[in-house]
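In what follows, a single structure is set out as structure tokens and then discussed.
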Amino acid sequence: MMNEFQTEGLRTRTRPASPFPAGGGPSFGTMPVWYGNRLVIVVACFPDAEAAARCGAPLLAARSGMERAAVRAIPLYPVQVKTSRGNLWGYIDERGRVVLAPQYEYALDFQNNGLAIVQTHDKQGVIDASGRFVIQPVYESISPFSEGRSAAIDSQGFRVIDERGRVLTPGAYSYIGSYREGRAVFAKSGHEGESRYGYLDRDGKEVIPDRFVEAGDFSGGRALVKLGDNRYALIDPNGRQLAAFSYAYVGPPGEGLLAFQQEANGKNGYIDEKGNVVIPPRFTAALPFQDGRAVVNTAEDYHNRYGLIDRKGSFVIQPVYNEINPLGEKRLAVGKAIDPQQPFIGSTYALADTDGRLLTDFRFRSIGEFHQGYAPVSDRTSTYWIDTNGRAAANLPKAAGSGTMAFIGKLVSANIDQRLSYYDRTGRLVWQPSPVIPLKPPFAVREVKFKPNPDYLVYYPQVEGMADPNAERKVNLRLKQLSAVKPVPAHEQLEASYTGDFAVAFYRNHLLVLQLDGYNFPFGAAHGMPSREYVHVNLLNGDMYALKDLFKAGSPYVNRISDIIRKRIATDPAYSYVFPGSFKQIAPDQLFYVTGDALHIVFPPYEIAPYAAGFPTFTIPYAELADIIDTSGAFWKSFH
């Protein structure tokens, strides 16, 4: 009989007592089981390894074609949970029961091959449904598998790996794309930094050499490549040229037509795959054809004028919209600018068909792609599903807030207001994250949501369980202020979106360290600006500690820490990204956080390194600062 218990806000189960005698050699293995209407692999406990092998052998023999794909379909779903060890990812089954406890820094969906990409200790690996690492977490990044292959990045570059983790490429590349029709684009960088592209086969061999300036994925047995200025071509999987085009620009093929420009930065038209002009150039942008239609833009300035044309170039939808997004199943999202003078702010959308008929009014903030006759939509208050006629689907989930939904296995994933939950196909809630982070009793941290405007969303922490109500109230007020909880107009269009969230960065004894993150994104900007604060709170009395509180009074901690960082930058290749000469000295109130063994000094983006470097962090073991740390001080004693 199984006992249930509550851990970090999740329902989990203890393993049942083993039915096998001690020393009898119970072994875990896999066996096929019909799960609903599909065959899946489950992890089972057998009396011994021989029994496990006997059960697994027929399964291995059966893995071919569609049967293999059915067997490999694993009904596990990733979930994120706030814990006292940080924000961690685990997996649930389709009943919402935790199968793999939250332990990963990030976790992706299980693919049809029964594998999932996860991240731990800043490295990515691949697990099976039992949580066993099939590919050890040693890579900087691993792309989703396609055709049994993945592109993994290590310190040297991109490599092709198979589903068992074998490296198939003899060397590293500057880029490797996903496999399509047995080929993957690769790139090599030359001496002057220019890249040349070619194609790998599934064995990782260079089947088409790196001789192209640009290269696209294969589709329908052909791929578009750029040979040089005003020289494009379609090639077959062996690199044989099928057609050549002498134009300044040629876009990817779509239903036998390709966008093109006769002169650089000129107007766009369409040619066929033999190079014949089908639609003369007259558009400022032209996308590939899909369902006999193509989205084009006629605007001469930043005010978009998107329309929809047929294969003759005639407008099916006049070019008057800020956006048009193909959704599949012969449906489109057509968008009007929220502010016509600032079209970059975004659009409100209506649903249309590819014959140009509007099926709804302009009431949606987003419309997702159609799948199985339904698409997820969001308005200003909720996210739900519509059918191909634009009617709300009564039999599918609806959730308060903005976001998107997707069919994943037997469940519906709902990423609403940056929180992931799951529903079944009838709309019943299967799993949602707990708003409470349990600490050592009586303490806890509660997540509170603040969303006064559709473009302003903050999740901020509130401490619970402190003995002194006044101290607790003071701490929580400060946490709200630092989390940017402030008056925001509810019905005005903001000039930027803002999101805020938090995590427990460290917790020991009476010290709670909270990381508060923010992201301000001005509409129309290339990217937003992240911000970060660390709050060190003593849960006994509500004291909040600054960097100076870690050290003896009058100690030269600024100079000592600065010297260590300066030496790291000069000698450690891991910090080669730091701008030369940018670091001078830390500030007395420098951004920092503590953990059990080290002090971590943090810099905001752009201060000493490029934006892409994020928040450069220097970890300094306490041993390097032992003579100036105040080990009898309240800060140190709060976590020792």
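Only the coordinates and a few stated rules stand behind these numbers; no lab work does. All values reported here derive from a predicted model rather than from experimental measurement.
Descriptive notes on the structure:
- For Thr83, the residues whose amide H sits under 5 Å from its own are Leu88, Val504, ignoring neighbours fewer than 5 places away on the same chain, with H placed 1.01 Å from N.
- Bridgeable lysines around Lys548 (alpha carbons under 16 Å apart, same-chain partners fewer than 8 residues away excluded): Lys637.
- Between helix 469-482 and the chain: long-axis angle, C-alpha atoms, 0 to 90°, nearest 10: 30 degrees
- Sequence-separation-based contact order of the chain, relative, with Cα cut under 8 Å and 6+ spacing, percent: 5 percent
- Its DSSP H runs of at least 4 residues, each contributing -39,500 (n - 2.57), put the calculated 222 nm mean residue ellipticity of the chain at -2500 deg cm²/dmol, to the nearest 500.
- 0 to 90° range, to nearest 10: angle between helix 49-62 axis and the chain longest Cα axis: 20 degrees
- Ser497 long-range amide H proximity, modeled H, under 5 Å: Phe521, Phe523
- Under 19 Å of direct C-alpha separation, and excluding same-chain neighbours fewer than eight residues apart, Lys410 reaches these lysines: Lys398.
- Under 5 Å, built H, 5+ apart or other chain: amide partners of Thr120: Glu105, Gly125
- Within a straight-line Cα-Cα reach of under 29 Å, Lys205 can be paired with the following lysines, leaving aside sequence neighbours fewer than 8 residues apart in one chain: Lys123, Lys188, Lys226.
- For the chain, the longest principal axis of the Cα atoms and the long axis of helix 557-571 meet at an angle of about 40 degrees.
- Relative contact order computed over the stretch 436-544 (Cα-Cα under 8 Å; 6+ residues apart), in percent: 22 percent
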